[in-house]
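A.B. asks: My questions all concern the structure below.
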């Protein structure tokens, strides 16, 4: 088991290094010129050249990359050309909003999938099963950006039930920042008004993102329920007179959860892409929005920093998934 | 003479069998039939849509700007008076073409690379698989967005960017198949008979790998279409006046308060199309997996 973890960690380092390599050289071929951007529209060519020299943008690419990696190893991601702040500061400012959004979406999508997938698996071949499968595939088929617009149109413009975007109403004071996750901070500091307002703002973007999570997860849950229900130990549990609920909870769900855990990595990829467009539609001040604006403004350091954070989070998720799998399935642990 | 007679008989028999299997697949679940129906309709519209369109998709008519759906304009018009029904029809062809090119490129490159890596083995296989690991360890959409942004906003660049993120899946799939196949008798026999690597790949491996690749393709088509539209929505893909569905939705976004029909109809078209491909792919996968096929057979009775 220790060797497995060591191998995974080594691979993680390889992947993160590969990502820096790919994104660094990709971002350097972007047609924009950050020196011009920094100098402003009225700058003279000498001023632009001066800025290029200060930031080392006229050095050979390999020298720039070496410098970037040296900084990176010291936990320094450089300065964003657009916000003029340290990228690590920016990431710290924007990441919690994204985590909050993704966390609630994952939770909602997962719970809905658990219910629908279990019902579909138990009632195989029924109309409920077909309906569940259709719902799951529909969740994966609806374009997130379009669903976001539609929800805005219906639930904001027409019915006025939910806000158009942002994390809090302009008139609501934000709770003191502890984690940056508004619902958590407001609860911990007992700012209940802010808590309700934050939840209210989360509703539409979370609903949009949860659709995809639900689609992917329902199929997995249904398939694994189908497999587990046919197992001998389930029949034994039923035979010894356990209630249906107890069999479901203790024997079926526990074993059916294994495959659901393994797709968390896939879910992450889905969420990462969803976050990009959903944050854009709902003006959500998160990492997706930050990365997107950075790409458009050829803000090298910000682009690299944001992608790096996403990549590290992704690799970490997969590591956690592997470890969870080891924990949940003793057969793997002891071989 | 006899061989000729057998061959004449064999062709229709093979067709009959294919027909019977298609029928079985469609009857196995209503959702299979629904998916196949949607896909067939979309492909037909992609081919003949322009002929059916009542208007030129790019024809401007400012006097008819922002008109709600009516008998003259089924899906209404946009702010430049273009007929949205005609634009959505034209978008069907773009979506299908884009998906075909993305998957064509990634399947051709990825599958061949995977087959060769699996067959040759050794250092080549190791390098190829580590590179695919690197690509697969990164969220595909983010990578595609970064590549598309790097190359500059255009539909062609989006297609290229998506092909770059799709190929590793096929490499891994094909290599896995080849690893299972390369020690099988028919491949060993071909080797003993003195067949070259190229012959073995083309004659023996490709036809065994292809069915699984086809299932994967049918599952990926929907994703390719969604990703293309999402990139267009972010301004990285199709540029005006191209009637790509994601681009139409983006254009209509700021008019959603006054002209709900503008982003709504192309969105429905996209969602239904992707749903069709996903249903078909999902059904095909279940159909090919013998364990699940049994359960579907039971469902029929």
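A.B. asks: One residue is enough: does region A:185-207 have a residue meeting the conditions under 30 Å from residue A:310 (Cα atoms), part of a helix (DSSP H, G or I), within 22 Å of the chain's Cα centre (by Cα) and without any contact (Cβ under 8 Å) to a residue 12 or more places away in the chain?
C.D. replies: For region A:185-207, residues under 30 Å from residue A:310 (Cα atoms), part of a helix (DSSP H, G or I), within 22 Å of the chain's Cα centre (by Cα) and without any contact (Cβ under 8 Å) to a residue 12 or more places away in the chain: present.
A.B. asks: Hey, another quick one. Output the residue which, of all residues in region B:42-58 that are in contact (Cβ under 8 Å) with a residue 40 or more places away in the chain and more than 14 Å from chain A (Cβ to nearest Cβ), is farthest from the chain's Cα centre (by Cα).
C.D. replies: Among those that are in contact (Cβ under 8 Å) with a residue 40 or more places away in the chain and more than 14 Å from chain A (Cβ to nearest Cβ), it is B:58.
A.B. asks: Which of the residues spanning region B:138-153 are free of Cβ contacts under 8 Å to residues at least 24 places away in the same chain and either in a helix (DSSP H, G or I) or in contact with a strand residue (DSSP E or B) (Cβ under 6 Å, 6 or more places away or on another chain) (or both)?
C.D. replies: Of everything in region B:138-153, those that are free of Cβ contacts under 8 Å to residues at least 24 places away in the same chain and either in a helix (DSSP H, G or I) or in contact with a strand residue (DSSP E or B) (Cβ under 6 Å, 6 or more places away or on another chain) (or both) turn out to be B:142, B:143, B:146, B:147, B:150, B:151.
A.B. asks: Residues A:271, A:266: which one is out of contact with any strand residue (DSSP E or B) (no Cβ under 8 Å at 6 or more places or on another chain), without any contact (Cβ under 8 Å) to a residue 60 or more places away in the chain and under 22 Å from residue A:325 (Cα atoms)?
C.D. replies: Unique residue meeting the criteria: A:266.
A.B. asks: When the residues of region A:49-68 are filtered to those that are surrounded by 14 or more Cβ atoms within 10 Å (Cβ to Cβ) and within 28 Å of residue A:22 (Cβ to Cβ), which remaining residue is nearest to the chain's Cα centre (by Cα)?
C.D. replies: Only one residue tops the list, namely A:68.
A.B. asks: Within region A:8-21, work out how many residues are more than 8 Å from chain B (Cβ to nearest Cβ) and modelled with pLDDT of 80 or more. Can you show your working first?
C.D. replies: At the first step, the residues of region A:8-21 found to be more than 8 Å from chain B (Cβ to nearest Cβ) are A:8-10, A:12-13, A:16-17, A:20-21.
Narrowing further to those that are modelled with pLDDT of 80 or more: A:9-10, A:12-13, A:16-17, A:20-21.
Residues flagged as more than 8 Å from chain B (Cβ to nearest Cβ) and modelled with pLDDT of 80 or more within region A:8-21 amount to 8.
A.B. asks: Same structure again: Could you tell me which numbered condition residue B:156 fails, if it satisfies all but one of (1) without any contact (Cβ under 8 Å) to a residue 60 or more places away in the chain; (2) crowded, with 21+ Cβ neighbours inside 10 Å; (3) over 22 Å from residue A:270 (Cα atoms)?
C.D. replies: (2) is the only condition that residue B:156 fails.
A.B. asks: In region A:134-166, what residues are in a helix (DSSP H, G or I), buried (at least 22 other Cβ atoms within 10 Å of the Cβ) and in contact with a helix residue (DSSP H, G or I) (Cβ under 6 Å, 6 or more places away or on another chain)?
C.D. replies: A:136, A:137, A:139, A:140, A:141, A:144, A:145, A:146, A:147, A:148, A:149
A.B. asks: Name, by its number, the condition in (1) crowded, with 22+ Cβ neighbours inside 10 Å; (2) more than 10 Å from chain B (Cβ to nearest Cβ); (3) over 16 Å from residue A:224 (Cα atoms) that does not hold for residue A:120.
C.D. replies: Going through (1) crowded, with 22+ Cβ neighbours inside 10 Å; (2) more than 10 Å from chain B (Cβ to nearest Cβ); (3) over 16 Å from residue A:224 (Cα atoms) one by one, residue A:120 breaks only (3).
Residues checked against (1) at pLDDT below 90; (2) under 18 Å from residue B:268 (Cβ atoms); (3) surrounded by 15 or more Cβ atoms within 10 Å (Cβ to Cβ):
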| position | (1), (2), (3) |
| --- | --- |
| B:19 | yes, no, no |
| B:26 | yes, no, yes |
| B:52 | yes, yes, no |
| B:59 | yes, no, no |
| B:66 | yes, no, yes |
| B:87 | no, yes, yes |
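A.B. asks: Quick one: which of A:269, A:265, A:230 is surrounded by fewer than 17 Cβ atoms within 10 Å (Cβ to Cβ), within 12 Å of another protein chain (Cβ to nearest Cβ) and at pLDDT below 80? Break it down stepwise before answering.
C.D. replies: Details: A:269 fails: surrounded by fewer than 17 Cβ atoms within 10 Å (Cβ to Cβ); A:265 fails: surrounded by fewer than 17 Cβ atoms within 10 Å (Cβ to Cβ).
The conditions single out A:230.
A.B. asks: Between B:81, B:76, B:104, which is surrounded by fewer than 19 Cβ atoms within 10 Å (Cβ to Cβ) and at positive phi?
C.D. replies: B:81
A.B. asks: Is it the case that some residue within region A:131-141 is within 14 Å of chain B (Cβ to nearest Cβ), farther than 23 Å from residue A:272 by Cα and free of Cβ contacts under 8 Å to residues at least 60 places away in the same chain? Outline the logic, then answer.
C.D. replies: Start the filter on region A:131-141 by keeping residues that are within 14 Å of chain B (Cβ to nearest Cβ), which leaves A:131-141.
Cutting the leftovers down to farther than 23 Å from residue A:272 by Cα gives us A:131-134.
Right, trim to free of Cβ contacts under 8 Å to residues at least 60 places away in the same chain and you get A:131, A:134.
Yes, region A:131-141 contains at least one residue that is within 14 Å of chain B (Cβ to nearest Cβ), farther than 23 Å from residue A:272 by Cα and free of Cβ contacts under 8 Å to residues at least 60 places away in the same chain.
A.B. asks: If you don't mind, another one. Any chance you could count how many residues in region B:113-130 are within 23 Å of the chain's Cα centre (by Cα) and surrounded by fewer than 17 Cβ atoms within 10 Å (Cβ to Cβ)? Spell out how you get there, then give the answer.
C.D. replies: Restricting attention to region B:113-130, the residues satisfying the condition of being within 23 Å of the chain's Cα centre (by Cα) are B:113-115.
Pick out the ones that are also surrounded by fewer than 17 Cβ atoms within 10 Å (Cβ to Cβ) and you get none.
Going through region B:113-130 one residue at a time, the tally reaches 0.
A.B. asks: Separate question: Please tell me if residue B:119 is in contact (Cβ under 8 Å) with a residue 60 or more places away in the chain, more than 14 Å from every other protein chain (Cβ to nearest Cβ) and more than 23 Å from residue A:296 (Cα to Cα).
C.D. replies: yes
Listed here are the residues, each with its yes/no results for (1) in a helix (DSSP H, G or I); (2) more than 30 Å from residue A:229 (Cα to Cα); (3) free of Cβ contacts under 8 Å to residues at least 60 places away in the same chain.
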residue: A:27; (1), (2), (3): yes, yes, no
residue: A:48; (1), (2), (3): yes, yes, yes
residue: A:53; (1), (2), (3): yes, yes, yes
residue: A:91; (1), (2), (3): yes, yes, no
residue: A:104; (1), (2), (3): yes, no, no
residue: A:109; (1), (2), (3): yes, no, no
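A.B. asks: (1) at pLDDT below 85; (2) more than 11 Å from every other protein chain (Cβ to nearest Cβ); (3) part of a helix (DSSP H, G or I): which one isn't true of residue A:221, the others all being true?
C.D. replies: Here residue A:221 clears every test but (1).
Yes/no per residue for (1) surrounded by fewer than 19 Cβ atoms within 10 Å (Cβ to Cβ); (2) more than 30 Å from residue A:125 (Cα to Cα); (3) away from every other protein chain (no Cβ under 12 Å); (4) at pLDDT below 85:
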site: A:179; (1), (2), (3), (4): yes, yes, yes, no
site: A:187; (1), (2), (3), (4): yes, yes, yes, no
site: A:202; (1), (2), (3), (4): no, yes, yes, no
site: A:208; (1), (2), (3), (4): no, no, yes, no
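A.B. asks: Residues of region A:44-68 being within 14 Å of residue A:25 (Cα to Cα) and touching a helix residue (DSSP H, G or I) at 6+ places or on another chain (Cβ under 7 Å), which ones?
C.D. replies: Of all residues in region A:44-68, those within 14 Å of residue A:25 (Cα to Cα) come to A:57, A:59-68.
The answer is A:57, A:61, A:65, A:68.
A.B. asks: Here's another thing I want to ask about it. Scan A:78, A:18, A:40 and give me the residue that is on the phi > 0 side of the Ramachandran plot, surrounded by 13 or more Cβ atoms within 10 Å (Cβ to Cβ) and touching a helix residue (DSSP H, G or I) at 6+ places or on another chain (Cβ under 9 Å).
C.D. replies: Values: A:18 fails: on the phi > 0 side of the Ramachandran plot; A:40 fails: surrounded by 13 or more Cβ atoms within 10 Å (Cβ to Cβ).
Answer to the check: A:78.
The values are calculated or read from the model by the stated rules, or taken from the named source; none is laboratory data. Treat the numbers as computed from the prediction; the structure is a model and nothing was measured. FYI the Cβ positions are ideal-geometry reconstructions off the backbone, even for glycines, and counts take in every protein chain you see.
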